[in-house]
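Structure first, commentary second.
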Amino acid sequence: MITAERKPIEDLINSVSSCRRILLLGCNECVTVCSAGGRKEVALLSSALQMHFMKEGKPFEIKEITLERQCDPEYVEELVPHIDSADAVLSMACGCGVQEVARRFKDKVVLPAVNTKFMGASERQGVWAERCAGCGDCVLGMTGGVCPIARCSKQLLNGPCGGSTKGKCEVDPDIDCAWQLIWDRLKALGMTEKYEENIPAKDWRTGRGAGPRKIVREDLAS
Amino acid sequence: MKTESTLEKILVSGQLAVTSECGPPRGALPDKVREKAEMLRGCVDAVNVTDNQTAMVRMSSLSACIIIKQMGLNPLLQMVTRDRNRLAMQSEVLGAYAHGIDNMLCLSGDHPHFGDHPAAASVHDLDSIQAVDMVRKMRDEGLFQGGQKIDGPPKMFIGAAANPFADPFELRVARLAKKVKAGVDFIQTQCIYNVDKFEKWMEGIVDRGLHEKVYILAGITPMKSVGMAKYMKNKVPGMDVPDELIKRIAGVPKENQAEEGIKMCLETIERLKNVKGVAGFHIMAIE
Ligand code: SF4
Ligand code: SF4
């Protein structure tokens, strides 16, 4: 999933302080799963903002809507009856959702309420960790199912570097060394000979190297 | 011989080679480079010039190499993949060779987290193994990494680093084998304090016959004090400093500790001279 974290409340107060009526938007997908911008977080942020502006004696109205998927034009369309009554939209979706709303409603200010972080997985209750950097040419088959690009601090395709210590990365003892994980997996799978195959220089064009990317499925595209 | 490099000549002749390093200054004063390099005149076969070592900004390795070359010494260009993409690395190699610099070392580099610009983005377009492969291809095939022909290929004597003490230990010979496969000519190792472990690693190298394909220069760094020894043990990632060594240096009075450190290095060098596969020494005197 795409993970995100809500921005600090002071920043959010600042960002909407010139507005009287805002539309606070949640999303029912990834940001709900990572507890950053689902229905529940929308309700919490809404009360925090209302409380703040009430204390300041400032008129402030907020409308809460949580869309099924904010990165999908079909659902964004549901905002049509509500958009005009708002001075600005504060979106708790990931950056994709924020941009989709901004694209649809050209004359509306759309503000991000979360910092979109990474594509990751849940490690345990309340902990999410980065897993994929979207390089566009997956090498997991060569690396025992552990991504060296997203999970090695130096994105080494032929690691580990000389800083790997007791399974941890030189950058931070809280980070597992990706290449230790890769090696452990290759061993468990009886595929240690894979390790000595040098992985050639990556063609970053499949990633961000060739500018913003697009997928066009001729069979589906209308 | 693959190159005209003096370092290669010495290694091919079977004599023990000695290299050392000169960290460029944190400013634009060329005399600082000269002062430091002068200390190495007549003592070493090549002078490694570090590349933004420990992720701190310094005068560029190439510029300092040129100054050292002009002094009649033999510089060795270090290059980290952290700061440059493949275009910048290749142009740097061409520039270096045009100035008569024909030794280099390909490294991934310390993470910016450790340096004075922790907010910097790392490049890592290539890793060190891919960088070795690229420079070898430039030399042996006369081709850029992208496949186009080079008009006047640079004939670099290509080195890389190895840390026998990092984890997992069982991978350390295999990782060297990957560097050999990529075409590395010589290796300079991490500072050796745990000589037993180093010897074990060398056994693995010799067992696989890798010592016949690559020259291994054993890394030596004198300890200046017990404080430095403890710092190296606890703070430097991938460094293996045995307790006995700390005990020994702690056992002499403070004013004699540096001397004791040198004594220990000499003992290590004497011992390593007899280890099969050791082709020389890389002496890193840390300021
Ligand atoms: S190799 Fe690329 S696509 Fe595969 S997990 Fe890593 S970043 Fe994602
Ligand atoms: S310690 Fe491991 S994860 Fe960290 S940079 Fe080195 S190889 Fe990558």
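The values are calculated or read from the model by the stated rules, or taken from the named source; none is laboratory data. These figures come from a predicted structure and were not determined experimentally. Neighbour counts are summed over all protein chains in view; Cβ atoms, including those assigned to glycine, are modelled from backbone coordinates with ideal geometry.
So which of B:Pro154, B:Pro164 is within 25 Å of B:His99 (Cα to Cα), surrounded by 18 or more Cβ atoms within 10 Å (Cβ to Cβ) and either in contact with a Phe, Trp or Tyr (Cβ under 8 Å, 6 or more places away or on another chain) or more than 7 Å from chain A (Cβ to nearest Cβ) (or both)? Checking each option against the conditions leaves just B:Pro154.
Can A:Asp87 be described as in the same structural domain as A:Ile9 (by TED's automatic domain parsing), within 21 Å of A:Lys117 (Cα to Cα) and among the charged types (D, E, K, R)? First the steps, then the outcome.
Numbers: in the same structural domain as A:Ile9 (by TED's automatic domain parsing): yes; within 21 Å of A:Lys117 (Cα to Cα): no; among the charged types (D, E, K, R): yes.
No, not satisfied.
If you go through the range B:169-200 and keep only what is among the hydroxyl-bearing types (Ser, Thr, Tyr) and part of a helix (DSSP H, G or I), you end up with nothing. In this structure, B:Met239 qualifies as under 22 Å from the mean Cα position of the chain (by Cα), in contact (Cβ under 8 Å) with a residue 24 or more places away in the chain, in a loop (DSSP other than H, G, I, E, B) and within 14 Å of chain A (Cβ to nearest Cβ).
Can you tell me which residue within the range A:1-30, out of those that are under 12 Å from the mean Cα position of the chain (by Cα) and not hydroxyl-bearing (Ser, Thr, Tyr), is nearest to A:His82 (Cα to Cα)? Selected residue: A:Glu29.
Can you find a residue that is within 15 Å of ligand 1 (Cβ to nearest atom), modelled with pLDDT of 95 or more, under 19 Å from B:Lys178 (Cα atoms) and of a type in the set (D, E, K, R) anywhere in the range A:176-184? No, that holds for no residue. In this structure, is B:Lys235 under 24 Å from B:Glu260 (Cβ atoms) and modelled with pLDDT under 95? Yes. Residues of the range A:166-198 that are among the β-branched types (Val, Ile, Thr) and crowded, with 18+ Cβ neighbours inside 10 Å: A:Val171, A:Ile182. The residues of the range B:95-114 that are more than 12 Å from chain A (Cβ to nearest Cβ) and not in a strand (DSSP E or B), listed by number, are B:Gly95, B:Ala96, B:Tyr97, B:Ala98, B:His99, B:Gly100, B:Ile101, B:Asp102. Of the residues making up the range A:148-163, those that are touching a Gly at 6+ places or on another chain (Cβ under 7 Å) and more than 14 Å from ligand 1 (Cβ to nearest atom) number 2. Scanning the range B:188-223 for residues that are within 12 Å of the chain's Cα centre (by Cα) and of a type in the set (Gly, Ala, Ser) yields B:Ala218, B:Gly219.
Results for (1) assigned to a helix (DSSP H, G or I); (2) away from ligand 1 (no atom under 16 Å from the Cβ); (3) closer than 22 Å to A:Ser15 by Cα, shown as yes or no for each residue.
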site: A:Leu79; (1), (2), (3): yes, yes, yes
site: A:Val89; (1), (2), (3): no, yes, yes
site: A:Glu100; (1), (2), (3): yes, yes, yes
site: A:Arg103; (1), (2), (3): yes, yes, yes
site: A:Asn115; (1), (2), (3): no, yes, yes
site: A:Glu130; (1), (2), (3): no, no, no
site: A:Gly141; (1), (2), (3): no, no, no
site: A:Val146; (1), (2), (3): no, no, no
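Is it true that some residue in the range A:31-46 is buried (at least 16 other Cβ atoms within 10 Å of the Cβ), closer than 21 Å to A:Glu130 by Cα, under 19 Å from the mean Cα position of the chain (by Cα) and polar (S, T, N, Q)? Yes, the range A:31-46 has at least one match.
Here's the yes/no breakdown for (1) away from ligand 2 (no atom under 14 Å from the Cβ); (2) within 30 Å of A:Ala210 (Cβ to Cβ); (3) of a type in the set (A, V, I, L, M, F, W, C):
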site: A:Ser85; (1), (2), (3): yes, no, no
site: A:Met92; (1), (2), (3): yes, no, yes
site: A:Ala102; (1), (2), (3): yes, yes, yes
site: A:Ala113; (1), (2), (3): yes, no, yes
site: A:Met119; (1), (2), (3): yes, yes, yes
site: A:Ser122; (1), (2), (3): yes, no, no
site: A:Cys135; (1), (2), (3): yes, yes, yes
site: A:Thr143; (1), (2), (3): no, yes, no
site: A:Cys177; (1), (2), (3): no, no, yes
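For every residue, the table says whether it meets (1) within 14 Å of chain B (Cβ to nearest Cβ); (2) touching a strand residue (DSSP E or B) at 6+ places or on another chain (Cβ under 8 Å); (3) among the charged types (D, E, K, R).
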{"site": "A:Leu111", "(1), (2), (3)": "no, yes, no"}
{"site": "A:Phe118", "(1), (2), (3)": "no, yes, no"}
{"site": "A:Ala150", "(1), (2), (3)": "yes, yes, no"}
{"site": "A:Lys187", "(1), (2), (3)": "yes, no, yes"}
{"site": "A:Lys214", "(1), (2), (3)": "no, no, yes"}
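Do we find that B:Ile269 is under 20 Å from the mean Cα position of the chain (by Cα) and surrounded by 15 or more Cβ atoms within 10 Å (Cβ to Cβ) in this structure? Taking the combined requirement at face value, the residue satisfies it.
Step by step: first the residues of the range B:167-176, then only those that are over 16 Å from the mean Cα position of the chain (by Cα), buried (at least 20 other Cβ atoms within 10 Å of the Cβ) and hydrophobic (A, V, I, L, M, F, W, C), then the one that is nearest to the other protein chains (Cβ to nearest Cβ). Which residue is that? Taking the candidates together, the pick is B:Leu171.
From A:Asp172, A:Asp137, A:Asp184, A:Asp176, grab the single residue that is touching a residue at least 60 places away in the same chain (Cβ under 8 Å) and not assigned by TED's automatic domain parsing to the domain that holds A:Glu10. Step through it out loud before you land on a result.
Details: A:Asp172 fails: touching a residue at least 60 places away in the same chain (Cβ under 8 Å); A:Asp184 fails: touching a residue at least 60 places away in the same chain (Cβ under 8 Å); A:Asp176 fails: touching a residue at least 60 places away in the same chain (Cβ under 8 Å).
Just a single option satisfies the conditions, and that option is A:Asp137.
Of the numbered criteria (1) in a helix (DSSP H, G or I); (2) within 12 Å of chain B (Cβ to nearest Cβ); (3) under 17 Å from B:Ala174 (Cα atoms), the one A:Gly209 fails is (3). For the range A:161-170, the count of residues that are within 13 Å of chain B (Cβ to nearest Cβ), acidic (Asp, Glu) and under 22 Å from B:Ala160 (Cβ atoms) is nonzero.
Does A:Gly163 fit the bill of being at pLDDT below 95, within 11 Å of ligand 2 (Cβ to nearest atom) and buried (at least 18 other Cβ atoms within 10 Å of the Cβ)? Judged against the criteria, A:Gly163 is a match.
For every residue, the table says whether it meets (1) free of Cβ contacts under 8 Å to residues at least 40 places away in the same chain; (2) in a loop (DSSP other than H, G, I, E, B).
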| position | (1), (2) |
| --- | --- |
| A:Thr3 | no, no |
| A:Asp11 | yes, no |
| A:Cys19 | no, yes |
| A:Glu41 | no, no |
| A:Pro59 | yes, yes |
| A:Lys63 | no, no |
